[in-house]
Amino acid sequence: MKFNYIGKTGLRVSEICCGTMTFGTTTNKKEAFRIMDKAYERGINFFDTAELYPVPPTAELAGITEEIVGEWLKTKQRDSIILASKVAGAASGWFVPPIRHGMTAIDSFHIQQAVEKSLKKLDVDYLDLYQMHWPDTVVPIEESLDAFDRLVKSGKVRYIGTSNDTAYGLSKATETSKHKNLKRFESIQNNFSLLNPRFFDELKTVCENENISLLPYSPMAGGVLSGKYNGDFYPEDARFSMYLKSENPRVRAMSDRFINNKTIEATGKYINLAKELGISPVTLAIAWSKQFDFVASTIIGARVHEQLDDSFAALDLTLTNDTLGQIEKIQAETLYPMG
């Protein structure tokens, strides 16, 4: 297993991170334990969760994922695990979280409330990485960073990160940390995949110049890159098969972003490339994601433990310059499939 440091921290994490967002809905506790055990036995030491999980998020289920992860953690030595969680983003943003009665904000009060509940549900004394799930468009970043800084000084959190942020947001936060002498965001957890390479546009430059690590989520583009959505058949138990039936405008918009003519067209090309290489399209997608210097660890997800095998195969694979060139050609032919 190759390990990378996150940003300028002492957190040394495996190239693949075990995501947990389905634990408690499509993945029951018994299967979640199988997934985490299999990841741990393969050498993965990095596990990511959130107060909002599992997905799809509901007020009734929020926090169950952390409880499942916390129960599993009791079977392992705590200091052998790099554990990450997140405070839900602000209700002023694109989504109103179904927690704290839909009044969330990235202010001092909510950050303190969230971390205390996460520590209790996970039954741990500290988090290695605590992340802002998405930015707050109202509360000044100075207040948010000051609250995160106090968590680090208290020993409840080792390092902090952000997620679903922009180049402006990350740059503003980084400069604020410098000028106010506050702990900075060491990582950014954003959507990044063969179908969504927008991170290259501006955020890559910020991360490389500031030594901030990307922790890509959805490297399989929500499962689309596996080829299971082929335009004619959508598996009934798949996430976007369910989302496409939703009457919620936000959910439908998300579905259309992931599944459209351009994503299906580009996926077909990646599947053909994977066949030429003699590997799974899952392996190709994960190998591509983990191969960039600004990526510390790629977050994978699974509903059942058998799905991990193709992802783990990427750990032993380095894509050649020729393969990377073919991928760049596909991305040039089908620009921004996800918008």
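Our Cα-only numbers for the range 173-212 put the radius of gyration and Dmax at 12.0, 38 Å. When restricted to Cα atoms, the chain yields an Rg and a Dmax of 19.0, 55 Å, respectively.
Principal axis extents of the C-alpha atoms in the range 43-122 (largest first, rounded to whole Å): 39, 25, 20. Label sites at N272 and D322, each approximated as a point 7 angstrom past Cα along Cα to Cβ, lie 1.8 nm apart.
Computed extension length for H101-N28: 23.7 nm, one decimal, from 0.36 nm per residue of separation with the Cα-Cα distance subtracted.
Beta bridges assigned by DSSP with both partners in the chain are antiparallel in approximately 15 percent of cases. For the range 148-194, the calculated P(r), taken from all Cα-Cα distances in 10 Å bins from zero up to the bin holding the longest distance, is 26, 49, 21, 4 percent. Checking every one of the GluC sites (Glu not before Pro) in the range 31-137 against DSSP loop status and a limit of 14 other Cβ atoms within 10 Å picks out E60.
Structural descriptor for the chain: relative contact order 18 percent, calculated from alpha carbon pairs under 8 angstrom and at least 6 residues apart.
When M1, M21, M254 are sorted by how many other C-beta atoms sit within 10 angstrom of their C-beta, beginning with the fewest, the order is M1, M254, M21. Comparing L122, L315, L225, which has the greatest mean-square fluctuation in the GNM of the chain with Cα pairs linked when under 10 Å apart? Checking each option, the largest mean-square fluctuation is seen for L315.
In this structure, Q291 and N181 have a Cβ-Cβ separation that, at R0 = 45 Å, corresponds to a calculated FRET efficiency of about 0.80.
Computed about its Cα centre, the charge dipole of the chain is approximately 400 debye, with only Lys, Arg, Asp and Glu carrying charge at their Cβ. Averaging Cα coordinates gives a centre for the range 301-319 and one for the range 254-282; these two points are 17 Å apart.
Rounded to the nearest 5, what is the percent of antiparallel bridges among the DSSP beta bridges in the range 1-160? If I count the DSSP bridges inside the range 1-160, around 20 percent turn out antiparallel. Its relative contact order, with pairs defined as Cα atoms under 8 Å and 6+ residues apart, puts the range 9-63 at 45 percent. The label-point distance for S92 and Y336, in a model that sets each label 7 Å from Cα toward Cβ, rounds to 2.6 nm. Using every pair of distinct Cα positions in the range 1-85, the Kirkwood expression returns a hydrodynamic radius of 13.2 angstrom. Compare R257, R303, R12 in a GNM of the chain, Cα atoms joined below 10 Å, and give the one with the largest fluctuation. Highest fluctuation of the listed residues: R257. Of the residues D165, D37, the one with the fewest other Cβ atoms within 10 Å heads the list, and the complete ranking is D37, D165. Footprinting exposure proxy ranking of K329, K30, fewest other C-beta atoms within 10 angstrom first, gives K30, K329. Centre-to-centre separation between the Cα atoms of the range 193-211 and those of the range 39-84: 27 Å. Shown here for the range 247-339: GluC sites (Glu not before Pro) in loop regions (DSSP other than H, G, I, E, B) with at most 11 other Cβ atoms within 10 Å, namely E247.
Values in this text are rule-based calculations from the coordinates and carry no lab data. Remember, predicted model here, so these are calculated numbers, not experimental data. Please note: Cβ atoms are built from the backbone with ideal geometry, for glycine as well, and neighbour counts cover all protein chains shown.
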